[in-house]
Amino acid sequence: MAVERDIARTRTFGAKVDFGKAASDYRAFRAGFPPEFFQALAERGWVRPAEQALDLGTGTGTIARGLAKLGVTVTGVDPASAMLTEAAALDHEAGVNVVYRIGLAEKLPVASESVQLVTAGQCWHWLDRAAAAREASRVLAPGGRIVIAHFDWLPLAGNVVEATEELILMHNPSWTMAGGNGIYPGWLRDLAEASFVGLETFSFDVAVSYSQEAWRGRIRASAGVKASLGTAAVEHFDAELSAILRERFPGDPLSVPHRVWVASGVKSS
């Protein structure tokens with residue numbers, strides 16, 4: 001019950017966002033991190049088989065599942081039980097095993113110095129970042145590594161992302177995540193202030209192919225739409241997005257530019 005009480009004390013930044021409401025669309029339509037991301041981690045020696053890893057804000061387990069495929073023993077933590085249900089179903093389909101626990105990144109249900117890798121994919125901006133960085137340091141063994149990763153669409157002049165973001169803002173003016181470039185330099189300060197050393201970043205761009213139906217599903221699963229709006233408002237939004245796609249972006253599939261960006265640091269020995 002203590003964890004449930006802590007989860008109920010939602011931080012102001014995410015007070016109106018509930019990804020549990022979007023869990024089914026999230027599972028079906030949100031593209032996980034691409035294979036190149038996991039290849040980059042392995043090539044840098046940041047992921048090694050048989051290590052213990054903890055994936056914060058795991059959602060439907062996109063990073064956790066990718067690590068498990070590399071032979072890592074993974075525990076995923078998330079406050080939304082509906083997301084963890086979807087994650088377990090996807091793991092079964094993929095033939096991998098991940099342990100999932102309900103919990104907060106700022107108060108992890110994990111013993112101190114018990115893991116060699118902490119990952120946080122597409123979630124750091126939702127957290128009390130200083131508290132999450134301290135908790136990551138607590139659970140990491142000396143010499144262990146944290147990897148904060150993003151996989152963001154890129155709104156470019158005249159492209160489908162720009163048009164989609166404009167529509168989201170029409171329906172949800174309080175949405176604050178439009179116009180991003182997929183780069184988060186502030187996360188380096190979070191790591192430095194939690195005494196991580198050897199800080200590094202890398203990024204690369206990829207195009208993701210979406211059918212028009214899949215793009216609509218991807219957008220419904222975003223923070224600004226199904227996780228924030230009521231059912232009728234989501235249906236109205238989706239109908240308008242469908243019309244925009246037919247009229248302005250008739251190609252099917254759509255090629256949507258994305259950026260992978262990673263910040264990492266090591267817990268000093």
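The values are calculated or read from the model by the stated rules, or taken from the named source; none is laboratory data. Quick caveat, the model's predicted, so the values are computed rather than measured. Glycine gets a Cβ as well: all are built from the backbone with ideal geometry, and neighbour counts include every protein chain shown. Surface areas here come from the heavy atoms of the whole protein model, side chains and all, with no ligands, DNA or RNA. Shrake-Rupley method; radii C 1.70, N 1.55, O 1.52, S 1.80 Å.
Give me the percent of the accessible area of the range 49-97 that comes from carbon and sulfur atoms, probe 1.4 Å, all protein chains in place. The C+S portion of the solvent-accessible surface of the range 49-97 is 51 percent. Rounded to the nearest 10 square angstrom, His125 shows an accessible area of 40 square angstrom against a 1.4 Å probe. In plain terms, the chain from Val197 to Leu156 could stretch by 11.3 nm, reckoned as 0.36 nm per residue minus the Cα-Cα distance. Please give the calculated 222 nm ellipticity per residue for the chain, where each DSSP H segment of at least 4 residues contributes -39500 (n - 2.57) and the sum is spread over every residue; nearest 500 deg cm²/dmol? It lands at -11500 deg cm²/dmol. Can you give the local net charge around Gly265? Use residues other than it whose beta-carbon is closer than 9 angstrom to its beta-carbon, Lys and Arg +1, Asp and Glu -1. Net charge in that neighbourhood comes out at +1.
Annotation: per residue accessible area for the chain equals 45 Å², rounded to a whole number [probe 1.4 Å, protein chains only].
Surface calculation, 1.4 Å probe, protein heavy atoms: Ser268 sits at approximately 60 Å² accessible. Overall, the accessible surface of the range 141-269 at a probe of 1.4 angstrom is composed of carbon and sulfur to the extent of 53 percent. Please give the helix 81-94 orientation as an angle from the longest Cα principal axis of the chain, in degrees from 0 to 90, rounded to the nearest 10. Here the helix axis deviates by roughly 80 degrees. Springs join every pair of Cα atoms under 10 Å in this Gaussian network model of the chain, and among Arg189, Arg101, Arg145 the largest mean-square fluctuation is at Arg189. Partner aspartates and glutamates whose Cα lies under 17 Å from the Cα of Lys226, excluding those fewer than 8 positions away in the same chain, are identified as Asp18, Asp25, Glu86, Glu165, Glu166, Glu213, Glu235, Asp238, Glu240. Helix 160-171 versus the longest principal axis of the chain: what is the Cα-based angle in degrees, 0 to 90, to the nearest 10? It works out to around 80 degrees.
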